[in-house]
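**Student:** This is the structure I have questions about; it appears just below.
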Amino acid sequence: DYVVVKMIPDNRLPPRHLHSVHTGKTFAVIKWESPYDSPDQDMLYAVAVKDLVRKTDKIYKVKTRNSTVEYTIKKLEPGGKYHVIVQLGNMSKESSMKINTVPLSAPDALKIITENDHILLFWKSLALKESNFNESRGYEIHMFDSLMNITAYLGNTTENFFRVSNLKIGHNYSFTVQARCLYSGQMCGEPATLLYDELGTGEDSSATKTGRSTDVAAIVVPVLFLLLVTLGVGFVVLYMRHRRLQNSFTAFANSHYSSRLGSAIFSSGDDLGDEDDEAPMITGFSDDVPMVIA
């Protein structure tokens with residue numbers, strides 16, 4: 001025996017399993033399920049989006065019969081904070097969640113140029129890779145003194161460089177550059193960070209591996225250069241010795257050349273003269289010297 005039971009739909013229940021599927025810089029994809037399974041008619045949902053930074057509200061209407069609903073909220077701002085509420089159109093119980101959109105990227109190629117009494121920070125325009133960024137918004141610069149453990153706001157600019165003065169000798173600084181924060185500093189871009197020591201050398205914190213490979217190259221390149229120079233000097237010395245030997249042989253051969261015979265004459269040991277002719281003759285023997293006959 002069995003019995004079929006059909007539950008009466010309750011439109012006062014809230015949507016189920018409300019969550020975020022994907023969040024970008026200017027949009028967010030949210031998803032939820034109907035208050036009960038297999039709706040037998042279209043259901044009207046109200047999606048309220050509250051901007052927690054600007055203190056504004058927007059309401060969107062979604063009509064569907066699907067048990068699972070996916071909806072994309074558009075025209076959001078990078079780095080924004082939002083409160084999303086989903087409920088049926090008859091103002092039933094609600095489901096809510098908070099969304100933080102992705103902030104603008106950090107400026108690329110942050111570098112330092114050292115001058116006599118100040119330094120200059122340079123970076124690439126953020127508008128080159130961020131279509132949502134306008135140069136009129138500008139950038140803001142912060143400085144952290146690790147010795148004093150103090151963070152200071154240096155100012156903002158609409159240019160791609162910034163001058164920093166009055167740096168103290170012996171202090172290490174960290175500079176950050178980011179898209180200017182909006183609405184009481186609540187909507188900011190990602191910061192680009194650069195380390196600067198008292199010797200005036202900057203190091204990009206995001207390029208540690210590159211810095212290590214550069215140090216290795218700084219050691220290997222001079223060693224290879226010295227080896228090449230040493231080999232070059234060795235070849236020059238061998239070449240000069242070869243030339244000297246060749247010149248010495250040529251001079252020796254020319255000094256023994258006979259124009260009458262048309263060839264060079266070199267004397268052997270037999271032609272150097274008879275040394276026995278010039279030796280004194282033995283005329284006799286002394287009585288004090290004994291004669292030994294073998």
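**Student:** Could you please give the count of residues in region 97-124 that are charged (D, E, K, R) and open to solvent by less than 50 Å² (accessible area, probe 1.4 Å)?
**Tutor:** 0
**Student:** If only one of Leu147, Leu88, Leu44, Leu128 is touching a strand residue (DSSP E or B) at 6+ places or on another chain (Cβ under 8 Å) and either free of Cβ contacts under 8 Å to residues at least 40 places away in the same chain or crowded, with 18+ Cβ neighbours inside 10 Å (or both), which one is it?
**Tutor:** After applying the criteria, what remains is Leu88.
**Student:** Scan Pro78, Pro35 and give me the residue that is in contact with a Lys or Arg (Cβ under 6 Å, 6 or more places away or on another chain) and part of a loop (DSSP other than H, G, I, E, B).
**Tutor:** Result of the check over Pro78, Pro35: Pro78.
**Student:** Has region 88-105 got at least one residue that is out of contact with any His (no Cβ under 9 Å at 6 or more places or on another chain), small (Gly, Ala, Ser), on the phi > 0 side of the Ramachandran plot and assigned to a loop (DSSP other than H, G, I, E, B)?
**Tutor:** No; the residues of region 88-105 include none that is out of contact with any His (no Cβ under 9 Å at 6 or more places or on another chain), small (Gly, Ala, Ser), on the phi > 0 side of the Ramachandran plot and assigned to a loop (DSSP other than H, G, I, E, B).
**Student:** Which one is surrounded by the most Cβ atoms within 10 Å (Cβ to Cβ), of the residues in region 18-30 that are outside any loop (DSSP other than H, G, I, E, B) and either in contact (Cβ under 8 Å) with a residue 60 or more places away in the chain or of a type in the set (Gly, Ala, Ser) (or both)?
**Tutor:** Per the stated criteria, the residue is Ala28.
**Student:** Being in a strand (DSSP E or B), of a type in the set (Phe, Trp, Tyr) and crowded, with 17+ Cβ neighbours inside 10 Å: is that true of Tyr71 here?
**Tutor:** Taking the combined requirement at face value, the residue satisfies it.
**Student:** Where the second residue is among the small types (Gly, Ala, Ser) and assigned to a loop (DSSP other than H, G, I, E, B) and the first is touching a residue at least 12 places away in the same chain (Cβ under 8 Å) and on the phi > 0 side of the Ramachandran plot and lies in region 63-85, which pairs have Cβ atoms under 9 Å and are six or more apart or on separate chains?
**Tutor:** Gly79/Gly189
The values are calculated or read from the model by the stated rules, or taken from the named source; none is laboratory data. Being a predicted model, the structure only gives us computed values, none of them experimental. Neighbour counts are summed over all protein chains in view; Cβ atoms, including those assigned to glycine, are modelled from backbone coordinates with ideal geometry. We work out accessible area using only protein heavy atoms, side chains counted, and drop any ligands, DNA or RNA first. Shrake-Rupley method; radii C 1.70, N 1.55, O 1.52, S 1.80 Å.
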